[in-house]
Structures are given as structure tokens and as C-alpha cells.
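What follows is a set of notes on a single structure, which appears directly below.
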Amino acid sequence: MTLLDIIRDFAVSLFSFDQAHPLLFTQFYFWAFFALVFAVFSLFHSKVLLRNGFLFAVSLFFYYKTSGVFLALLVFVIVYNYFAAKGLYRLKKEGWRRALTALSVVIDLGVLAYFKYAYFITDFVNNLFGLSIEVHDVLGEFLNALTGTSLFRVDAIILPVGISFFTFQAVSYIVDVKRRKIRPVENFLDFGFYLSFFPQLVAGPIVRAVEFVEQLHKPYNLSRRWFGIAIFWIMNGLLKKLILADYMAVNFADRVFENPLLYSGFENLSALFCYSLQVYADFSGYTDIATGVAMLMGFYLPKNFNSPYKAPNTQDFWRRWHMTLSRWLRDYLYIPLGGNRNASAGTFIIIAAIAVIGSFLSGSWWVAAAVAALAAGIGLWAWRKPSDRKLITTNINSMNTMLLGGLWHGASWNFMIWGGLNGIGMVIYKIWTKRTMGVKLLIISLVTALCGTLSFTLHYPVWNMFFVWTLIILAGTLVKAVYAAVTPGPDRVSPAAKWCCNAWDIFQTFVFITFTRLFFRSGSNLDPALANEQAWNTAKNMVNQIGSHWDIGLVPAMIHQHRAVLILFVLGMLIHWLPERFKRRYRLTFSALPLPVMALVVVLIVIFFYQFITADLQSFIYFQF
């Protein structure tokens, strides 16, 4: 092979898309790519138009290396929303403005729905009308016709990486222009750069124009401290991804979820808790790396995580977890539905839609009947007690938002259960906080007695799980009730007691969120055509294993067998629970290191990281959403 052949093969591999190996932050190729980008960027960072145009082109290349032909889809979303927003802003009549906004939202979400829900919609139509329509990729067919080849598959629809994130950004941009919160971006290169900025393009955070557009024309400024902070975030993200997320996934969690029946109840429960930390480390690790890379180029992304497993309740958890999505759902779904003010027509349309979707996914119209009966009961309650209507509609809108948030992750029964459980957790918390300690103790005692009765009479593993968990909650509630009874008043509660109560609430919330992850993980990484049945069977098998009889005598041996993963889990949780002021202190300490020392530390950390790298680098979990 000649030198020319070697150079040609290298150039082909450099500029071609490999579906089996998309561009990842954890690859050496990415850091070589970014080093080259940063070097060129540094030559004209003060020339705003040239800088933004260059980063736009780089972002398109990055998406091509991540998603191949789906680059055309991203370009379409950019072009359409650029011109739609400019036209929308010029319209004076409110009716026309609403019509164009609705059209734009339908187009953006229609693109998302086509790729994300094609299998679900096809199955639904086939079952409803007795048809036998097969999924057919229109985009692939168009590209084959355009190129005169058969290079693109037409028998399956593949979900483009990051499609949810850039379509949600496009929707927020259009709606904010309609609300006149922002003016349309004048320059096409600037808008393309905003919608495709490569650090956050494929897994967030979801960046709104109001947060980012004003940065487009600011002079480049990267102080010595912010440079150190940026490097810290990159190292922190790699640590989370390579050491916590990937190591626990490959060496334990993935194995258990692939075949729960091969593992004991203790191992299934341990894998579930490890996955809870894994998904946080994976997703927040991506965000940390994206934040650091963006900062090096003088751009600042919104905070996406705030130590979510420190949350003392489910409502606070969703204020800390994937914060940009939570705010997006609040501003563009929850509030338009009526929020905490009232119910709207959309509220009832969504209830009906969820009933139908739930029935189809579960394979039983009893689900629709149950939803209808529940809605009728809640409606009767609201009619009989007008004073409770605001509380009722607030909770209904919250529940609808969480259910739709679940379906955003995928058209699977498991995702719907996951969203529903989180919605129930938020509703119960709102109601629970308004009850006295005596009422709380009575309710949890009755629930525990019911779960215990069902456990001993029906012998179903799921009731064994509920009985054990409600016993734990009952014990904690009883301790709180006794302490409250012997304490003179709330102002006399000791700091130690407050700390213990908060720690207990955090523990309960973490366990609840972890249990919901069972349904989330079971529905992930599956062929859309088979996801529903496979996901349900995986979740059911894990529940059966966890809720069945444990041989306690074997637990020490299993702990020893999986000791590396379990030690890593404990260390990860302890670091997560460190006080924020302590974390801030070591961030600032790292950023203040002399550059030669910082470089040495980074080299040592990278060498340490790559001791944990698996044979095949793991994609980020949220790439599939």
C-alpha cells in the first residue's frame, strides 16, 4: 500500500459516517476533532460573523459524523424555523399569528412523531381498522430516488440522534417569537449555529433562544478561572461517564436487565439501584462535558442537573433532574393546559388520548374504562366541592404532563407507567403535605395492613415488595410521630433531628425514583417493533425476582462477588450527597492550579480514566431519545 493510498483511506474514514461507531465525547477522535476546531476558532474568535459561521459548519459536520444522512433533517428544521419565525414576527393579525404558530409546531412535532412513533401509529391503525400496513421510510425512499441508488433502507425507520432536543428547541423558539419574548434571529448563520451548536446538540441541555441568542454577538471572553472551571467540567463528565456509568453498566446492570431470571432477588435489586446512579452519571456526565466544551469557546449553557438524588420529595426531584426539559414541559405544556389555575379543553383531550393510548399499549380496553371511571369520579368531586377545584385541576395537569413526558421517551407501556408513577408521586406529595401527623400515621398504617393482607393471601411478589416498603415507611412515620409528640414545638426541634428527617425523606424519594427506573430501563435500547412486549416481560421478571423469597445466607457471597461495582455505587452516591459548598470549593481549587500543574493532573486523570474503558465505547443513554 502506497503512502497515497494510506492518506486516501484516512481521509475517507475521517469524512465518512460509520453507523456502528458514531462520534462520541469519549472517543479520542472527538478530542482530536475539538482540538482542531478550537485551534481554528482561536484565529478569528473576535470576528463574530466568521466565528458563528465556522461553528455552524463545524456543528453540521459533527451531526453528520453522529447521524449520517439525518443531517438533511437537521438542515430542514433549521431552514424552516428560520423563515417561519421571520414571517411570524411580521404578521400583525393575531389569528394569522396563531395559525402560523400552530402550523410550525405541528411541522416540528410531526417530524419528531414520524421518526419516534411511526411503529406505534402503524400498529394502532392496523389494529383499529384491521389493516396490514408496514412501516416504510419515506426519507430513505426519497434519498434513493435523489441519488439513483439503493443505499438507504426503506423497510425500517431509524430514530435520528438528538431529534427530540433540536425539535424542542425549535418549538420553544417559534412559541417565544409568537409571544414576543424574543425577536427572530436576523442572520441565518447565527440561527443555524444556535439550533445546531454541537456540544449540546444530541443530548441537551435544551437551550432556549432567550438564553443563548444574546451570547452570539458578545465578544469572546475566557478568564483564567473560567478556563480552569471548563476543564474541570470536562474531567468531571468523563469521570461520571467512563468510571461510574459505563463500568457499572457493562459489568453488572446490563447483564441483569438482559436476563433477570438468571440472577437472585438481591442482585436484581442491586442492579436497579446501580442503574439509577448509572443513568444520572451518564446523562449529567454528557451535560458536564458539553458545558465545559461550550465554555472553552465562550458560550454558557443552562444548568441541567442539581444533585437530583438530594431531593426530599418527587416534586423537588423534577426541579433538579433534566431541569431544561422540566422547564420546557412547564412553560409549553403544563401552563398552556391551565397550570395551577384551571383545566382547559386540552386537559380533557389529553385525558382521552392517554386512555386510548394506554388501552392500546396494554392490549386491554379496561384501561380506557378505568381512566374514564377515574375521570368521572374526579369530575364529580370537583362538582360537589368547588373549593377543591383548583387543587384537582392542578394535579390533573401535573399528571397529564408527566404521562406525556413518559411518552416523549417512547411509545412503550413501560414509559407510560414510568411517567404515571412519577405523576402519582408528585400528586401524593402535594396531598400528603397538607395532612396532620396523626392522619399520615393512620393512612400509612391502613395501607401497610392492606399490602400485608394481600401479600399473605395472594402470595404475589409485587405485594411482598409493597408490604416490605410500606413497613419501612410506617416505621419512619411512627418515629416522626413519636418525636413530634414529645417535642415542645417546631421551633425547639434540634438540628440533628432536622438533618435525620431530611435524610430519611431523601432516602424515601431516592428509593421511589429508583423503583420507577425499573420501567424506564426495561423500555430502553429495544427494537421499536418489539419494545412493548419485551419491556413488560423484563419489568415483570425483575419484580418477581425482587419480590420472591431471598436466601439471606447467600447475600454476603453475592456482595463479595460484585464488590467492585457495589463499592463504586456507594462511593458515587457519597460523592453525589456531598454538600454543594464542598463541591464548589474543590472546583475552584482545581481551576486555580498553575497551568503546568493542571496539565499534569489532567494527563494523570485521563490515564486513570482509560483503565476503565470497555472494549466497545458505550453510547450516551439519552442519544436514543
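The values are calculated or read from the model by the stated rules, or taken from the named source; none is laboratory data. The model shown is predicted, which means the values in this text are computed figures rather than measured ones. Because the Cβ atoms are built from the backbone with ideal geometry, glycine has one as well, and the counts that use them run over all protein chains shown. Note: areas computed on protein heavy atoms with side chains; ligands, DNA, RNA excluded. Shrake-Rupley method; radii C 1.70, N 1.55, O 1.52, S 1.80 Å.
Among the residues of region 502-545, those identified as open to solvent by 50 Å² or more (accessible area, probe 1.4 Å), part of a helix (DSSP H, G or I) and modelled with pLDDT under 85 are 533, 534, 536, 537. In region 302-385, counting only helices (runs of 4 or more DSSP H) that sit wholly within it, none holds 2 or more residues that are open to solvent by 30 Å² or more (accessible area, probe 1.4 Å) and touching a strand residue (DSSP E or B) at 6+ places or on another chain (Cβ under 6 Å).
Selection of region 387-401 for residues being in contact with a helix residue (DSSP H, G or I) (Cβ under 9 Å, 6 or more places away or on another chain) and not hydroxyl-bearing (Ser, Thr, Tyr) yields 388, 389, 391, 392, 395, 396, 397, 399, 400. What about residue 102, is it without any contact (Cβ under 8 Å) to a residue 40 or more places away in the chain, assigned to a loop (DSSP other than H, G, I, E, B) and on the phi < 0 side of the Ramachandran plot? Criteria not met by residue 102. Filtered by the rule that a residue be within 30 Å of residue 162 (Cβ to Cβ) and small (Gly, Ala, Ser), region 373-416 gives 398, 405, 406, 410, 411, 412. Over 30 Å from residue 119 (Cβ atoms), modelled with pLDDT under 85 and either out of contact with any Gly (no Cβ under 7 Å at 6 or more places or on another chain) or of a type outside the set (Asp, Glu) (or both) - does that describe any residue in region 406-418? For region 406-418, residues over 30 Å from residue 119 (Cβ atoms), modelled with pLDDT under 85 and either out of contact with any Gly (no Cβ under 7 Å at 6 or more places or on another chain) or of a type outside the set (Asp, Glu) (or both): absent.
If you go through region 71-88 and keep only what is at pLDDT 90 or above and open to solvent by 40 Å² or more (accessible area, probe 1.4 Å), you end up with 75, 76, 79, 80, 83. If you check every pair at least six apart or on different chains, which have Cβ atoms under 9 Å apart with a residue in region 20-39 that is in contact (Cβ under 8 Å) with a residue 12 or more places away in the chain first and a residue that is of a type in the set (D, E, K, R) and surrounded by 11 or more Cβ atoms within 10 Å (Cβ to Cβ) second? Within 9 Å, the pairs are 22/65; 23/65; 25/241; 26/241; 26/246; 33/65. For region 217-227, the count of residues that are modelled with pLDDT under 90 and open to solvent by less than 10 Å² (accessible area, probe 1.4 Å) is zero. Residues that are at pLDDT 90 or above and farther than 17 Å from residue 230 by Cβ were ranked within region 23-45; the one that is surrounded by the most Cβ atoms within 10 Å (Cβ to Cβ) is 40. For region 455-473, the set of residues classified as open to solvent by 40 Å² or more (accessible area, probe 1.4 Å) and in a helix (DSSP H, G or I) consists of 456, 457, 458, 462, 463, 464, 466, 467, 468, 469, 471, 472, listed by residue number.
Only one of these is surrounded by 11 or more Cβ atoms within 10 Å (Cβ to Cβ) and at pLDDT below 75: 111, 154, 135, 185. Name it.
154
Quick check: is even one residue across region 556-574 basic (Lys, Arg) and open to solvent by less than 30 Å² (accessible area, probe 1.4 Å)? So far as region 556-574 goes, no, none of its residues is basic (Lys, Arg) and open to solvent by less than 30 Å² (accessible area, probe 1.4 Å). Applying the criterion of being farther than 28 Å from residue 192 by Cβ and of a type in the set (Val, Ile, Thr) to the residues of region 232-266, the residue that is modelled with the highest pLDDT is 256. Every test in (1) outside any helix (DSSP H, G or I); (2) farther than 30 Å from residue 596 by Cβ; (3) out of contact with any helix residue (DSSP H, G or I) (no Cβ under 6 Å at 6 or more places or on another chain); (4) not aromatic (Phe, Trp, Tyr) is passed by residue 222 save one, and that test is (2).
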